[in-house]
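**Student:** Sending over a structure as structure tokens; questions will come in a sec.
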Number of protein chains: 2
Amino acid sequence: MSKVLFAAKPQAWDDYEHPLSDAFAKAGLSVDLSRSHAAAETDYIVFAPNGPLRDFAPYVKAKAVLSLWAGVETIVGNPTLTQPLCRLVDPGLTRGMVEWVTGHVLRHHLGMDAHILGQDGIWRDGISPPLAAERPVTLLGIGALGAACGQALAALGFAVTGWSRQPKDVANLRCLHGADGLQEALRDAQVVVTLLPQTADTQNILNARTLALLAKGAFVINPGRGPLIDDEALLAALDSGQIAHATLDVFRREPLPVDHPFWAHPRVTVTPHIAATTRPATAARIIAENVRRGEAGLPFLNVVDRQLGY
Amino acid sequence: MSKVLFAAKPQAWDDYEHPLSDAFAKAGLSVDLSRSHAAAETDYIVFAPNGPLRDFAPYVKAKAVLSLWAGVETIVGNPTLTQPLCRLVDPGLTRGMVEWVTGHVLRHHLGMDAHILGQDGIWRDGISPPLAAERPVTLLGIGALGAACGQALAALGFAVTGWSRQPKDVANLRCLHGADGLQEALRDAQVVVTLLPQTADTQNILNARTLALLAKGAFVINPGRGPLIDDEALLAALDSGQIAHATLDVFRREPLPVDHPFWAHPRVTVTPHIAATTRPATAARIIAENVRRGEAGLPFLNVVDRQLGY
């Protein structure tokens, strides 16, 4: 019987206890799932970066740390973490991200807010948005999430460019890479969506210089990671009109402090890190699959490369 | 040289004069386009239902009336109109409708308004919408526009049902028809989108009885025609909570009068008949193609069936 430690916040236990037990049973695994296994006896750690566990050194037997989150930047540099670390790549999370990104791109493309906020009896017709084909959208980051978002937007007719640090090829997208590709990807884009992992290289990738490359009045949508954007540069670009609106789901500090200028800015929409939330049922199946692989001596899925940081 | 009369509002002339001239030239047609041809000498009438022309009897030579609009219900019963009447079926209009419908379905699905209207410093996390696959969406009307919208929504993962009066089969949609099918299509739907033509049969198709079939807290989206909905029944359903929100683009009277209760209702979003607007460049190419067909003795595209009314 494998001892699986659940190391996340108490609320997560309520959400995950039954889905994980069900998924282990369906995978034919004999698992003792608990929040209080002795460290030296633990075989697997189901882990959330916002939970209490920080010191992995006592878990000498643990075969893997299985994250419930896709983003692992707060844990990847932990020197006590010597076990394989697996990110969660959840199809439910990808679908949720596609829905959130597509919805907010369409919201800005269609100019919905003017109507949602302007129910004042004035019939504001005569202003048609361009068709999506005339709206260049750039995705910074075309990993699993970014590529899926790009394909959904392309299917709706948007002119989509995807950028990544290393060369990638995603169907229906104009794919660019590297430093020169970044300039080209951002130049004259009317919507930019940031879906990069958080690393030293991607920090502040949207800054005064890169925001200036976008089309005047562009929209910024960040469902990725807070530090991808230089907050001060974004506020300045919003005030100058270079950026028409920013919809931000992630921040350097979460919850976003109540006195942060993003809350009060009329051209910023703050959403509370909801773009893609892990669904317990689908996440549990993926955790169970990795335990099954560990028990069968097979390679784990979605092992984090410590050099790359994701 | 064909004499083509332009019979629409003066503003439309500003929008259409050059696109139509260009399209006629590109189609190799010799056309005299004017707003003031003598009725008896006019070969074709380019027509908008909100323009001045009401009496078609003097146009004894006209081979066709070519509408700039998709909806022709205000003209189809005109007894002086004996010439073939062609609706505009514009791929740009279809794309625009797909973008508007998809955007507003996603807006309601994601609960965007709570964030757009609630930028008050409160971090409202913990409430995730279901995935699209768990959100049943019903389209009333699966003609060219409805079918395209249904397919875009299905591609995003929504569980889409399409209803039409006569049996139809649209890929990726559960298709129902007729009176029994209507009950089944509406039962437990969480979003309903009305894209039917306006006829005696479709008038008030959303009424107290049919609204009650939807899931509690459903969303109504009407980019079709105002009379498809019984306004009083919708207001009552909004007040009872049966309908959570209605986004309405079309009305019995347009512009919607400033004192209409839809403007003031907190759970209604009025948009000013913008869901699908005809783009002059694409529309002009379609008008030119029908003139070319008329000159070549070929059947016109999109001739209205006077019995069906569309």
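The values are calculated or read from the model by the stated rules, or taken from the named source; none is laboratory data. These figures come from a predicted structure and were not determined experimentally. We place every Cβ from the backbone using ideal geometry, glycine too, and count neighbours over all the protein chains shown. Each accessible area value is taken on the protein alone, full model and side chains, heavy atoms only, with ligands, DNA and RNA left out. Shrake-Rupley method; radii C 1.70, N 1.55, O 1.52, S 1.80 Å.
**Student:** Hey, what's the stretch B:92-270 come to in accessible area per residue, 1.4 Å probe, Å²?
**Tutor:** Roughly 37 Å² per residue, with all protein chains present.
**Student:** Separate question: Given the protein assembly as shown, report the % of alpha carbon pairs whose separation exceeds 45 Å.
**Tutor:** For the protein assembly as shown, the share of Cα pairs beyond 45 Å comes to 28 percent.
**Student:** To continue, here is another question. Using Cα centres only, tell me the gap between the stretch A:210-230 and the stretch A:276-305 in whole Å.
**Tutor:** 33
**Student:** Between chains B and A, what is the buried accessible area in Å², counting both sides, with a 1.4 Å probe and ligands, DNA and RNA left out, to the nearest 100?
**Tutor:** Roughly 4000 Å² of accessible surface disappears when B and A pair.
**Student:** Taking the full set of protein chains and a 1.4 angstrom probe, give the accessible area of A:LEU182 in square angstrom, rounded to the nearest 10.
**Tutor:** Rounded to the nearest 10, the figure is 20 Å².
**Student:** Now for a different question. Treating the beta-carbon of each Lys and Arg as +1 and of each Asp and Glu as -1, no other charges, what is the dipole magnitude of the stretch A:176-310 about its Cα centre, to the nearest 20 debye?
**Tutor:** Here the stretch A:176-310 has a charge dipole of around 380 debye.
**Student:** Cross-link partners among aspartates and glutamates for B:LYS9, C-alpha distance below 13 Å, same-chain residues fewer than 8 apart left out?
**Tutor:** B:GLU17
**Student:** Which positions within the stretch B:57-104 get 10 Å² or more of their accessible surface covered by the other protein chains, compared to the chain by itself, with a 1.4 angstrom probe?
**Tutor:** Checking the loss per residue gives B:GLY92, B:ARG95, B:GLU99, B:TRP100, B:THR102, B:GLY103, B:HIS104.
**Student:** Take every Cα pair under 8 Å in the stretch B:132-206 that's 6+ residues apart, average their separations, divide by the length, and report that relative contact order as a whole percent.
**Tutor:** Normalised by residue count, the contact order of the stretch B:132-206 is 36 percent.
**Student:** Follow-up question, since we're still on this one. What does the accessible area of A:GLU295 come to, in Å² to the nearest 10, when a probe of 1.4 Å is used?
**Tutor:** 90
**Student:** Hey, if you put +1 on the Cβ of every Lys and Arg and -1 on every Asp and Glu Cβ in the protein assembly as shown, which of B:HIS245, B:GLN190, B:ILE122 ends up farthest toward the positive end of that dipole?
**Tutor:** B:GLN190
**Student:** Something else: Roughly speaking, what is the centre-to-centre gap between the stretch A:135-151 and the stretch B:160-206 when only Cα atoms are used, to the nearest Å?
**Tutor:** The distance from the Cα centre of the stretch A:135-151 to that of the stretch B:160-206 comes to 34 Å.
**Student:** Here is a follow-up. Roughly what % antiparallel, to the nearest 5, for the DSSP beta bridges in chain B?
**Tutor:** 0
**Student:** Same structure again: What nm distances, shortest first, do you get from the label point of B:GLU254 to those in the other copies when the point sits 7 angstrom along Cα to Cβ?
**Tutor:** 4.2
**Student:** List, shortest first and in nm to one decimal, how far the label point of B:TRP13 (7 Å from Cα along Cα→Cβ) is from its counterparts in the other copies.
**Tutor:** 7.8
**Student:** For chain B, what relative contact order do you get, as a whole percent, if you take Cα pairs closer than 8 Å and at least 6 residues apart?
**Tutor:** Taking the mean separation of contacting Cα pairs over the length of chain B, I get 18 percent.
**Student:** Just by accessible area at a 1.4 angstrom probe, what is the order of A:ARG135, B:ARG107, A:ARG95 from largest to smallest?
**Tutor:** Greatest to least solvent exposure: A:ARG95, A:ARG135, B:ARG107.
**Student:** To test your reading of the geometry: what angle, between 0 and 90 degrees and rounded to tens, separates the Cα axis of helix A:231-240 from the longest principal axis of chain A?
**Tutor:** 20
**Student:** Next question, about the same structure. Please report, as a whole percent, how much of the solvent-accessible surface of the stretch B:5-75 comes from carbon and sulfur atoms (probe radius 1.4 Å).
**Tutor:** So the carbon and sulfur contribution to the accessible surface is 50 percent.
**Student:** Just give the residues from the stretch A:127-159 buried by at least 30 square angstrom of accessible area in the all-chains context relative to the isolated chain, probe 1.4 Å, and say none if nothing qualifies.
**Tutor:** A:SER128, A:LEU131, A:LEU156
**Student:** Could you check the spin-label model distance between B:ALA114 and B:ASN207? Points 7 Å from the Cα along Cα→Cβ, value in nm.
**Tutor:** Between B:ALA114 and B:ASN207, the simple spin-label model gives 3.5 nm.
**Student:** With charges only on Cβ, +1 for K and R and -1 for D and E, what is the dipole size of the stretch A:92-270 about its Cα centre, in debye, rounded to 20?
**Tutor:** 280
**Student:** Pick out, from A:THR269, A:HIS104, A:VAL76, the residue whose Cα sits farthest towards the positive end of the charge dipole of chain A, with +1 on the Cβ of Lys and Arg and -1 on the Cβ of Asp and Glu.
**Tutor:** A:VAL76
**Student:** Listed here are the pairs B:LYS26/B:LYS61; B:LYS3/B:LYS61; A:LYS63/A:LYS168; which of them are more than 20 Å apart at the Cα?
**Tutor:** B:LYS26/B:LYS61; A:LYS63/A:LYS168
**Student:** Averaged over peptide A:107-118, how many Cβ atoms belonging to another chain are found within 10 Å of each residue's Cβ?
**Tutor:** Counting Cβ atoms of other protein chains within 10 Å of each residue's Cβ and averaging gives 5.
**Student:** For the stretch B:46-120, with only Lys/Arg (+1) and Asp/Glu (-1) charged at the beta-carbon, what is the dipole magnitude about the Cα centre, in debye rounded to 20?
**Tutor:** Result for the stretch B:46-120 is approximately 460 debye, rounded to the nearest 20.
**Student:** Could you pull the copy-to-copy label distances for A:GLY217, with points set 7 Å along Cα to Cβ, in nm to one decimal and sorted shortest first?
**Tutor:** Copy-to-copy label distances at A:GLY217, shortest first: 3.8 nm.
**Student:** Carbon and sulfur atoms: what percent of the 1.4 Å accessible area of the stretch A:92-270 do they account for?
**Tutor:** Carbon and sulfur: 52 percent of the exposed surface of the stretch A:92-270.
**Student:** Next question, about the same structure. Can you tell me the orientation of helix A:10-26 relative to chain A, as the angle in degrees between its alpha-carbon axis and the longest Cα principal axis, to the nearest 10?
**Tutor:** Around 70 degrees separate the two axes.
**Student:** Using a 10 Å cut-off on Cβ to Cβ distances, tally the other chain neighbours for every residue of A:287-293 and report the average as a whole number.
**Tutor:** Neighbouring Cβ atoms belonging to other protein chains average 0 per residue here.
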